[in-house]
1. Could you line up Tyr211, Tyr51 from fewest to most neighbouring Cβ atoms inside 10 Å?
2. How much of the calculated P(r) for the range 10-140 lies past 21 Å, in percent of all Cα pairs?
3. Quick check for me: using +1 on Lys/Arg Cβ and -1 on Asp/Glu Cβ, what's the dipole size of the range 1-148 about its Cα centre, in debye to the nearest 20?
4. Starting from the amide H of Asp91, placed 1.01 Å from N in the peptide plane, find each other amide H under 5 Å away whose residue is 5 or more places distant or on another chain.
5. If you take the Cα Rg of the chain and divide it by 2.2 N^0.38 Å, with N the number of residues, what do you get?
6. What full-extension length gain, to one decimal in nm, is calculated for Asn272 and Gln157 as 0.36 nm per residue of separation minus the Cα-Cα distance?
7. Which ³J(HN,Hα) values in Hz, rounded to whole numbers, follow from the phi angles of the range 200-217 under the Karplus curve 6.51 cos²θ - 1.76 cosθ + 1.60, where θ = phi - 60° and Gly and Pro get x?
8. For the range 155-169, take each phi angle, set θ = phi - 60°, evaluate the Karplus expression 6.51 cos²θ - 1.76 cosθ + 1.60, and give the result in whole Hz per residue in order, putting x for glycine and proline.
Amino acid sequence: MLAQPDPSHRRGLLAGGNWIVDHVKMIDVWPAQDALANISAQADGNGGGPYNLTKNLAKLGCGFPLGGVGLIGRDADGEAILRDCASHGIDARAIQQVATAPTSYTNVMTVTSTGRRTFFHQQGANALLDLTHFDLTQTNARIFYLGYLCLLKTLDQVDATGRTKAAHLFEQARAAGLTTVADLVSNESSDFAAIVNPCLPQLDYLFLNEYELAHLVRAAASKIPTQLEAQAREVLQRGVHRAVIVHLPEGALCVPTAGAVIWRPAVRVPANLIVGTAGAGDAFSSGFLLGLHEGWDFQRCLELGVCAAAASLRDATCSAAVESWQNCLALGRKMGFHADLQIK
């Protein structure tokens, strides 16, 4: 059982949702249907929003408490997750093991020459995660993060009132005094609007990429800055309380409820240093949320976000190449930033 909350002082981040083991395979080419590709290397790593986020924050040296909520199987992958959390100082007491489903895993196929990746996912125990697995009255955390919407089968369920279980969970979190944050996944089989829209009035911050943004507002995907801002503002008007943050390979933007849009171009990472892009979005979110927790302004949060994402590109797994936040900033500043979002 977690410590009783102290309403006068909240500190730390509690992350719930998908706990996944990624089985990453480097391949020489993406094959056509029925064709063959060669695997040149493989590795196992962390996957899923809360797992990536908390591990990245630990590696960034956030200095505040980290905790997780979720379901894993009674299997080797589940035990590996618990050991990894322990080694990074992540409180895993609310990560429960179940015997009725395996630990979720993803086969991540990464093309060596481009870093582009494709995911084959087994939902496993994550599909069973429900409201009853959360007790938000028992945390002193300042920030409650849930990810990924559209990949949590039970929490994504829409009830007779048009609300999802996740929306009720965010409502409980805000009532308990936590800052609420959600992230999405590019799941083409889900109904983004039905799942995400009910959550928006209960969110303080929403993270998503340009494709998820377009899917949510039912528009063509765009990387044109003015169109990205307009789409983000449409989402903001649906109820998000503080800001919508959009990340894409070319950079990131933060659209707050009060004030002008803030842009941050990506780091100029040399192509020969890019090993894989899996987890780059979560690395960005980790950097941004570290700054948010520490009271930084949005411009500084965005800078650390793109620098953490740049650092993560140097390995095929989601977190292996993430370093301290000071080193990530130094790396980004040494490589330099694009003069603009470099939209093509």
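Read-outs throughout are calculated quantities, based only on the coordinates presented, and are distinct from any laboratory measurement. Owing to the predicted nature of the structure, the values given are computational and were not obtained by experimental measurement. Positions of Cβ are backbone-derived with ideal geometry, glycine not excepted, and every protein chain shown enters the neighbour counts.
1. Ranked by crowding around the Cβ, least crowded first: Tyr211, Tyr51.
2. Result: 46 percent of Cα pairs exceed 21 Å.
3. 440 debye
4. Leu66, Gly67, Gly68
5. It is 0.93.
6. That works out to 37.1 nm of additional length.
7. 4, x, 9, 9, 8, 9, 10, 9, 6, 9, 5, 6, 5, 4, 5, 4, 5, 8
8. Result, rounded to whole Hz: 5, 7, 5, 9, 8, 5, 8, x, 9, 9, 4, 4, 4, 5, 5.
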